[in-house]
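Reviewing the structure listed below.
The values are calculated or read from the model by the stated rules, or taken from the named source; none is laboratory data. The structure displayed is predicted, hence computed values, not measured ones. Here Cβ is always computed from backbone atoms with ideal geometry, including for glycine, and neighbour counts include all displayed protein chains. Note: areas computed on protein heavy atoms with side chains; ligands, DNA, RNA excluded. Shrake-Rupley method; radii C 1.70, N 1.55, O 1.52, S 1.80 Å.
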Amino acid sequence: MDFLDEVIKRVRDADAARPRSSQAEVGWSEAGGCRSYLGYRLDGAWPSEEPDTWGAIRGTALHLHLDDVLAEPGVLTEVTTSYRGIPGHVDLVRTAAAECWDFKTTKLANSRQWQSSVKALRQKRIQVQGYAAGLVEAGVLPEDCMVGLLVIPVDGTFADWWAYQEPFDRSLADEGADRLAWVRERAAAGERLPKDMPYAFCESWCEFFSLCRGGDDPRATEEITDPELATAIARYGEINSIVGPLGKEKKTLAPLIRGLRGNGRRLARLYRRAWRGRGDP
């Protein structure tokens, strides 16, 4: 094993030894996720793949840095909580302000997608609302507290950081808990669970890919029920409906202006004069 391989192995092993990583129970960060994945987690299945975890490890490192930076009286970090039997670890609680925060590190493209539609944040809102429900039941926060997501694009700048905040809503926490209970009941009955993510996504990110989708046709049409991906697909279609016609118009204009050089506004003005018979451009 060369030095690079040794470093990567030690980084992976250190992350796997963290309490969050070794948590056996399904937590709030997973409750709103793919139901087929949840079934394997509840069954205690051994992962068939070892997906690249660098993104999560990088996020953990930033979380630890923020813990040090934001530490002050009245601020709690890495708070353990539980609601309806589902455990969780809250990134930050501001007791004086009655706020609960979860930090999200992601790529800029994902961040912009989340910011464009509250539907894309559904799973993440369920997660932080589940944390808050546990804190309210434990008396750490009042019923009228606020919950929030601090989004940090790792390939952006400070100008790309943003926050989403809303009042505590127990119904969202219950939605996540009910969803997990639904999966638990059907898994116990031996029923097939829905695959909420598309094949390509699973192949890249899921630790149960071979177990779950080993016999699936990668070209088959799928129903994508994950709200974040469904919103992204819908938005892509909207943009395509705008860009497509503009692209065709651009092609029709290209032969008319090919080879021209100069100030676009001046050229346009001169050609308008020529067209009106006021002189040659």
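The helices (runs of 4 or more DSSP H) found entirely in region 162-258 that carry 2 or more residues being surrounded by 10 or more Cβ atoms within 10 Å (Cβ to Cβ), of a type in the set (A, V, I, L, M) and modelled with pLDDT of 80 or more are 170-188.
The criterion of at least 1 residues that are open to solvent by 70 Å² or more (accessible area, probe 1.4 Å) is met, among helices (runs of 4 or more DSSP H) falling completely within region 1-72, by 3-16, 35-43, 54-70. Set side by side, the residues T105, T80 differ, and just one is buried (at least 18 other Cβ atoms within 10 Å of the Cβ) and outside any helix (DSSP H, G or I), which is T105. The residue of region 83-97 that is most open to solvent (accessible area, probe 1.4 Å), among those that are touching a Phe, Trp or Tyr at 6+ places or on another chain (Cβ under 9 Å) and free of Cβ contacts under 8 Å to residues at least 60 places away in the same chain, is R94. Of all residues being hydrophobic (A, V, I, L, M, F, W, C), under 11 Å from T231 (Cβ atoms) and within 11 Å of the chain's Cα centre (by Cα) in region 104-137, which is modelled with the lowest pLDDT? Just the residue, please. Only one residue tops the list, namely A120. If the requirement is being farther than 21 Å from A159 by Cβ and touching a Pro at 6+ places or on another chain (Cβ under 7 Å), which of these qualifies: R122, R84, R94? Being farther than 21 Å from A159 by Cβ and touching a Pro at 6+ places or on another chain (Cβ under 7 Å) holds for just one of R122, R84, R94, which is R122. Please go through region 21-51 and pick out each residue that is of a type outside the set (A, V, I, L, M) and without any contact (Cβ under 8 Å) to a residue 40 or more places away in the chain. Those that are of a type outside the set (A, V, I, L, M) and without any contact (Cβ under 8 Å) to a residue 40 or more places away in the chain: S21, S22, E30, R41, G44, W46.
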